[in-house]
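Just so you know, all these numbers are worked out from the coordinates, no wet-lab data involved. The structure presented is a predicted model; accordingly, all values stated were derived computationally and were not measured. Ideal geometry is used to build each Cβ from the backbone, glycine not excepted, and the neighbour counts take in all protein chains shown.
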Amino acid sequence: MPQEKEKHVTIDFAFRRELDQIIGGDHHNYCYQCGACVAQCPAAQYSESFNPRSILLDALLGRADVLLGPDSPIWLCTNCYSCYERCPQDVRPIEVIIALKNLASNRDAAPSDVATMTENILKTGVSGLITPAVQRIRESLGLKPLGDYPVDEMLKILPDEGKQP
Amino acid sequence: MKVAPFFGCMIPIKYPQMEAAFRRTMPNLGVELVDIDGFTCCPDPIYFKTKGVLDWLTIAARNLCVAEEAGLDLVTLCSGCTATLKEAKFLLAEDEDLKERVNERLMRVGKEYQGTVKVEHAVVVIRDELGIERVTESVVKPLDGIKVAIHYGCHLLKPSQIMHVDDADYPSILENLIAAIGATPVGHDRKLLCCGKGCLDGDMPVEMVFDIFTSIRDSGADCMGLICPTCFSSFDLGQIVVGRKKNTKFDIPVIYYFQLLGLAQGLAPEEVGLNLHKVKADRILAELAGGEAQASA
C-alpha cells in the first residue's frame, strides 16, 4: 500500500546520540512537542522558515540533512532565550539549537562570521580589534590604554591549543 | 563596597564611552571599582558558543577563576558577558561531571574553578546591594521632563532561572532606575523585542529594528535608554542603516543607562562620551540646559 509506506518514519538515532554528546544537546530528548516555545519566538514571528518546535521535531527524528544542511533554519535563531523561558520540559530549545550549531561548525557548515569571530578571540583574547584609533578615543575619555590579554593561558585550556575550538 | 568590574570586549574597544560613564558614576554611589588583570573575552555567547560550547564554558570558567583568585565579586556591564558568566556558573553548579571536565582543562594552567564569586549586572548590584534610593541621592541635575523609552534586551532577563534579575515578562528594574534620575520611563509596544543582533541572518534584524523604532517614535519618547552594548550597536548606527533601507529617519538618540546617570550626576556630555554617538542627543541636552537656565532665572 503506497499510502501507508509514506507514513513510515525513520529515526536516525546515531545522529541523536551525537547531539547528546554536546553540552545542552541531550535535552532534546525531553521535548513533547507542545509548542510553548513558538508563541514568543521573534524569529518565528519574523520568518516563516523558523519554528523552534519544528527544529526540535527534526532533532527527535535525527534529521541531520535538514538541520545541518545549507538551508538549515537554525541560523535564523536570534538567541533571545524566550523559548528557554517558556519550555515546561526543560528542553532549553535554544541550547539544543546551539548544540546543533556546534555540530554544523564541526562539519564546516556554519556561516563564515562564526569562524572569523572565533579566530579573532583565539588570536587576541578579545572579540574586537584594538587599533590606534581605539586607543586615541579611550585617551580622549580619560581611560587607560588597552594592553595585552593572556592569550597563551587561554589557548592552553583548549583541547589542542585552540587549533580546533 | 568593593567590586571588580568585568568590562568584556565590546565596551572597552567599541564603546569606551560606556566604560567612562560607568567609572565616573559608580564612585558617586559609594562603590569602589577594583580592576583585576588577566581576563579575556567572556567569551561571547553567540559566535564563540556556536563554535564549541565546551571551549566557551572553559574560557568562561577561567575568567571566573581570575575573580576567585582576587577574592572579589564581579559586576558586569554587558548583557552578553552577564549571560556567559552567569550561565557558566549555572552549568558548572548543575553538573558535577562537567565541572570536573572543565577543571581538568584548567589544571593545565594551575587553576581550579570553585564557584565562590558572584556575578551580577551593574543594575542589579545597584538595586539589590546599594538600593535605588542611592541613585536618587547622587543626582544633582535631575533629568526632569526627559521621556526615556526603555529597551531591556534579552540577556539581562532571560532565562530568569539563571539570571534571577526580574520578571521576564513584566520587568521594572530599568523603569525604576530611570525614574530615580528624574526622567520619565515611557512604555512602548516593542519594549521587550529582541534587537536581532544575535541572528546570523541578515534580513530579519532589519525588520525588528524598524518595528522597535517605529514603536518608540509612536510613544513620543525623547530617547531610548538601554544597558546592553550589543543592542546599542543595533540601534545607534543601526537605526540609520535601517532608516535608509526603509526610507525614513528616526533620529532617536540611544543612551546607555550610565550615561544618563552621569548627566544627572552633573557630568558634562563629553565626560560620558555622548559626542561619540552617531545619533546625537542635542535636543535632549538643549532641553536640559534650557530647564536649568529657567531654574536659575
Q) Hey, among A:Ile157, A:Ile74, which residue is hydrophobic (A, V, I, L, M, F, W, C) and either more than 7 Å from chain B (Cβ to nearest Cβ) or in contact with a Cys (Cβ under 8 Å, 6 or more places away or on another chain) (or both)? A) A:Ile74
Q: Specify the residue that is nearest to the other protein chains (Cβ to nearest Cβ); the eligible residues are those in segment B:14-33 that are buried (at least 22 other Cβ atoms within 10 Å of the Cβ) and of a type in the set (A, V, I, L, M, F, W, C).
A: B:Ala20
**Q.** Pairs with Cβ under 9 Å, 6+ apart, first in segment B:42-60 and closer than 10 Å to B:Ala88 by Cα and facing another protein chain (nearest Cβ under 7 Å), second in a loop (DSSP other than H, G, I, E, B) and polar (S, T, N, Q)
**A.** B:Ile59/B:Thr40
**Q.** A:Gly142 being facing chain B (nearest Cβ under 7 Å) and exposed (fewer than 15 other Cβ atoms within 10 Å of the Cβ)
**A.** yes
Q) Of all residues in segment A:88-147, how many are in a helix (DSSP H, G or I) and without any contact (Cβ under 8 Å) to a residue 60 or more places away in the chain? A) 28
Q: Report yes if B:Ala83 is over 22 Å from the mean Cα position of the chain (by Cα) and among the aliphatic types (A, V, I, L, M), otherwise no.
A: no
Q. Out of all the residues in segment A:97-104, is one or more within 7 Å of another protein chain (Cβ to nearest Cβ), out of contact with any strand residue (DSSP E or B) (no Cβ under 6 Å at 6 or more places or on another chain) and surrounded by fewer than 21 Cβ atoms within 10 Å (Cβ to Cβ)?
A. no
Q. Among the helices (runs of 4 or more DSSP H) contained in segment A:1-79, which hold 2 or more residues that are buried (at least 21 other Cβ atoms within 10 Å of the Cβ)?
A. A:42-46, A:52-61, A:64-68
Q) Would you say B:Leu156 is of a type outside the set (D, E, K, R) and within 24 Å of A:Asp90 (Cβ to Cβ)? A) yes
Q | Failed item in (1) over 26 Å from B:Leu263 (Cβ atoms); (2) within 10 Å of chain A (Cβ to nearest Cβ), with B:Ile36 passing the rest | A | (2)
Q) In segment B:210-233, what count of residues is obtained for those that are assigned to a helix (DSSP H, G or I), among the aliphatic types (A, V, I, L, M) and away from chain A (no Cβ under 11 Å)? A) 1
